[in-house]
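The values are calculated or read from the model by the stated rules, or taken from the named source; none is laboratory data. The shown structure was predicted, so the numbers you read here are calculated from the model rather than taken from an experiment. Glycine gets a Cβ as well: all are built from the backbone with ideal geometry, and neighbour counts include every protein chain shown. Ligands, DNA and RNA are excluded from the accessible area calculation, which covers all protein heavy atoms including side chains. Shrake-Rupley method; radii C 1.70, N 1.55, O 1.52, S 1.80 Å.
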Amino acid sequence: MEKLTGLNRVKTAVFISGTGSNLKNLIKYSKIKKSPISINLIISNTNKARGLHYGDLFHIKKKILNFKNIKNAEKKLLTLLMTNKIELICLAGFMKVLSKGFIKRFNGKIINIHPSLLPKYKGLNTHNRAIQNRDKFSGCTVHYVTEKLDSGKIIMQRKVKITKKDTPTTLAKKVLKQEHRLYPEAILKIFN
Ligand code: GRF
């Protein structure tokens, strides 16, 4: 692999809707020597996303787009991605579904982190569902984004044990800790 410098790292945009702990984790990762990516753009569908402050903290360009009109939003998004020469999109708690056309346009260049061991529990409330079903394990998955929700090719997964004491909240915490290890590992795997 080519030697990584600030100049030849893969320019990455991270899409968020909430806390942004995965965003913060990816920003920190992007600053280490072996990281193949740089984070150049943060996109949110809401100005209420707490993670947006990482844009100010780390001096990364951020943009809020109103997805009520998805066509308009994606048009603006496309321009932003092009002008910032973005080559990889990391979804990290982004709560909007991108259009088929948009996903096709960035085929193989959009990845997502999902808080379950896919193909189990696509969609929302994954921790609740795993506990209700008395599963012994849960975990997280990084996968390519395709037109079908949470169904693209799996890049990597990490498992966590579910104990009798676990609630959706405690399980979410345990899984999130693993997400922070998994996302950088999966990115490294893609570019190796
Ligand atoms: C994570 O659990 C992620 O797997 C899911 O949404 C949550 C986002 O958390 N898609 P954060 O905003 O990165 O803290």
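Things worth noting here:
- With the whole protein complex present, MET82 retains an accessible surface near 90 Å², based on a 1.4 Å probe.
- Pair-distance distribution P(r) for the stretch 83-192, from all Cα-Cα distances in 5 Å bins starting at 0: 2, 12, 23, 22, 18, 12, 6, 3, 1, 0, 0 percent.
- Neighbours of GLU147 by Cβ distance under 10 Å: Lys/Arg scored +1, Asp/Glu scored -1, total +3.
- The value for the chain of Rg(Cα) / (2.2 N^0.38 Å) is 1.01.
- Stokes-Einstein D (µm²/s) once Rh is taken as the Kirkwood radius of the stretch 121-179 over alpha-carbon pairs, at 20 °C in 1.002 mPa s: 179
- Label zone at ARG129, where the point sits 7 Å out along the Cα-to-Cβ direction: the stretch 78-105 residues whose backbone N lies under 19 Å: 92-98
- Per residue, the stretch 10-190 exposes an accessible area of 55 Å² to a 1.4 Å probe, with every protein chain left in place.
- Within the chain, helix-based [θ] at 222 nm, where runs of 4 or more DSSP H residues each add -39,500 (n - 2.57), nearest 500: -10000 deg cm²/dmol
- Along each principal axis, Cα extent of the stretch 62-144, largest first, Å: 47, 25, 23
- With the simple model of a label 7 Å out from the Cα in the direction of the Cβ, LYS85 to ILE64 spans 3.0 nm.
- Net length gained if the chain between LYS173 and ARG50 were fully extended (0.36 nm per residue, minus Cα distance): 42.5 nm
- Packing rank of 167-179, 11-23, 43-55, where each peptide gets the mean count of other beta carbons within 10 Å, highest leading: 11-23, 43-55, 167-179
- Taking the DSSP bridge list for the chain and keeping only pairs wholly inside it, about 40 percent are antiparallel.
- Heavy atoms of VAL97 accessible to a 1.4 Å probe, total area in Å² rounded to 10: 100
- When the solvent-accessible area of the stretch 20-81 is split by element, carbon and sulfur atoms take up 53 percent of it, the probe being 1.4 Å.
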